[in-house]
Structure formats: C-alpha cells, structure tokens
Amino acid sequence: MFKKILQPVDLYESISDIKIRSSFINRFSDMEIILVHVFNSGFGSEINARSRLSYLAGELNNIGINTRTSLRFGHVASEIAMAATEEEAEMIYMTASKKSFLVSSLMGSITEDVVRLSDVPIFVHKQRPVIRETESLKKVVFATDFKIAAKRARPYVKMLGKLVPELIILHVGERASDPHAEKIRLEHVQTRLKELKEKFNDDYKNIKYFSRIGSPARNIIEAVDDAGADLVILGRLNEPFPSKILGSTCARVTSRVKSSVLLIP
C-alpha cells in the first residue's frame, strides 16, 4: 500500500477526531502518516503550534500509528502540495463535509486548490455523516475512458483490492452516429471492459462492469449512488488553471458525488 500519507490538520480539531481519521487511513499505509499544519502567524504562536502538533503525533504513536509532523508557513494549499512532494508522500488525505465542501465549482476551497496543485494522488473523504473508526470500504467504482489518465489509475485500483471486496468498472461514452457504428462501438467497449476485469480478477472477490451513454460526470455520480459505493477512483489530467477545472469531469464528480473520491494525477 502507500508508504507515506500526508494528512493536513487543523490544530483546533479534537484529538479524538484526528485519532479516528488517522485510524481509518492507517490501513492504507505501510510506513507512516505525516501530520502537516500550515501556520498563520495571525492565529497564535509558532511555539504553541509546534507543541500542539507534537502532542497530536505523540497521541497517535501511543496507539500504534507511526506518525511524524511537518509545520509549514505560507499559502495553505501550496504548502500542502509542496510538503507532499518534499516528503515523497504517496497520497494526500483530506476530509470534506457537506458544509465545508463547496457545492459546485469548489472555488475558494482548500481542497480544490490542493487538487489543482498536487502531483500526488488525493483521497477526498466524504463524511457520511461522520467518520467512524470502524468505517470500511466495501465497494469501489473505477471510472475509465480507456485513455492515459485512467490507465495511470489502474495500479491504485489493483492495490485497493487488498482492502475492498467489490469492484465496479464503469465506462461512459458517446453514442455512435448510426446503428451499425454503435454496435461496433459497444462490442469494442465490452471487450475493453472484459479485459480490464481480467486484470483485477486476482485482486477482488467480486467484479462487475458496465457502460453508459451521456455525460461522464452525471453518469458516474448516478452509478456510484445506485451501487451505494464507498469510493470512486478517477484518473485526472493535470490542467493549468483556470483551464477546464471548473467544468472537468473530475471537478464535478468530486464536488457532487456522495462517496469519497481518489484522484490520480
């Protein structure tokens, strides 16, 4: 699994909440969790911030979660993304509640900025309604268009088979211009989906696959909701801001889907 996971923390959060979240993500880590906090001099002293961060790490280490800390200074999202690169973290873990996760465009959200800036996979954990220490992932949806971004996500799909029993592979495409071409397209899609299923046969207890036609974002969200999936995995293109971030499939799915999201750059 992931050797290092970066977890941004607010020093005003309760230790119980941080313990529960860290216990959840610790199952994804083979080595350590790095607690990172970006300090703002307008809110308290640096000495107190370091002390609080050290206390949080100590509490996690006491319950068997290998933890260390990183205190940063500057723009929050930029520093989180930079810390992930410098620490060679393999995933950034962030939480998003319905209240804090902006509904449509994500603008103004630290999470959106981190997604835009990071070259590291990001796990956006949707709290439904709160994270529980016993929470587990039972179903994961892998949305693929068979292109390069989705191909980069495949190793992570395979990796999660150690923790998740059921995989649903989804392809959303456009209807061909005539019935004959549509028949050929569908046959090609089914062949590709079957090939993907075979790649993950040894990793999951149960695998389903299907295709839909229409808007990728809308169909992914509907499929995840219909399946009651806990997580959707998406490969994303690193697009320069502002580019298409507000209208991209990844941005719309991340902001609107009820499940958690793993974004692979």
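What share of all Cα pairs of the range 165-213, in percent, falls into each consecutive 5 Å distance bin?
Answer for the range 165-213: a P(r) of 5, 21, 27, 18, 13, 8, 5, 2 percent.
Residue farthest toward the positive end of the dipole of the chain, with Cβ of Lys/Arg at +1 and Asp/Glu at -1: which of I65, A181, V224?
Of I65, A181, V224, it is A181.
Helix 76-86 versus the longest principal axis of the chain: what angle, 0 to 90°, nearest 10, using Cα atoms?
Relative to the chain, helix 76-86 is tipped by roughly 80 degrees.
What dipole magnitude, in Debye to the nearest 20, does the chain give about its Cα centre under +1 on Lys/Arg Cβ and -1 on Asp/Glu Cβ? Mind showing how you got there, number by number?
Values: 39 positive and 32 negative charges, 137 e Å.
With Lys and Arg at +1 and Asp and Glu at -1, about 660 debye.
Need one number: convex hull volume per residue for the range 157-242, Cα atoms only, in Å³.
131
In the range 35-93, which chymotrypsin sites (Phe, Trp or Tyr not before Pro) fall in coil by DSSP and have 10 or fewer other Cβ atoms within 10 Å?
In loop regions of the range 35-93 (DSSP not H, G, I, E or B), the sparsely surrounded chymotrypsin sites (Phe, Trp or Tyr not before Pro) are F43.
Can you find, among V115, A81, L170, the residue farthest towards the positive end of the dipole of the chain? Put +1 on the C-beta of Lys and Arg, -1 on that of Asp and Glu.
L170
Using heavy-atom solvent-accessible surface (probe 1.4 Å) with all chains present, what is the largest-first order of E79, E90, E198?
E198, E90, E79
Separation between the F73 and S177 pseudo-spin-labels, each 7 Å from Cα along Cα→Cβ, expressed in nm?
About 6.2 nm separates the two model spin labels.
For T191 and K151, calculate 0.36 nm times their separation in residues minus their Cα-Cα distance, and state this gained length in nm to one decimal.
Numbers: separation 40, 0.36 × 40 = 14.40 nm, distance 1.59 nm.
Contour length minus the Cα-Cα distance gives 12.8 nm.
Loop only per DSSP, at most 15 neighbouring Cβ atoms within 10 Å: give me the trypsin sites (Lys or Arg not before Pro) in the range 1-59, ordered by residue number.
R27
Over all directions, what mean area does the Cα convex hull of the chain project, stated in square nanometres?
Over all viewing directions, the chain projects a mean Cα-hull area of 14.4 nm².
Calculate the dipole size of the range 156-215 relative to its Cα centre from +1 charges on Lys and Arg beta carbons and -1 charges on Asp and Glu beta carbons; express the result in debye to the nearest 20.
Result for the range 156-215 is approximately 140 debye, rounded to the nearest 20.
Measure up K158/K197; K126/K258; K208/K258; K126/K151; K126/K147; K147/K183 against 18 Å on the Cα-Cα distance and list the ones that go over. Numbers along the way, then the final one.
On the way: K158/K197 11 Å; K126/K258 7 Å; K208/K258 20 Å; K126/K151 25 Å; K126/K147 27 Å; K147/K183 21 Å.
As for pairs spanning more than 18 Å Cα to Cα, those are K208/K258; K126/K151; K126/K147; K147/K183.
Helix-only estimate, please: 222 nm mean residue ellipticity of the chain, summing -39500 (n - 2.57) across DSSP H runs of length 4 or more and dividing by its residues, to the nearest 500. Mind dumping the intermediate values first?
Working: 8 runs with 103 residues, N = 265.
Here the helix-only value at 222 nm equals -12500 deg cm²/dmol.
The values are calculated or read from the model by the stated rules, or taken from the named source; none is laboratory data. As the structure is a prediction and not an experimental result, all values here were calculated from the model. Positions of Cβ are backbone-derived with ideal geometry, glycine not excepted, and every protein chain shown enters the neighbour counts. Areas reflect the complete protein model, heavy atoms only, side chains present, ligands, DNA and RNA absent. Shrake-Rupley method; radii C 1.70, N 1.55, O 1.52, S 1.80 Å.
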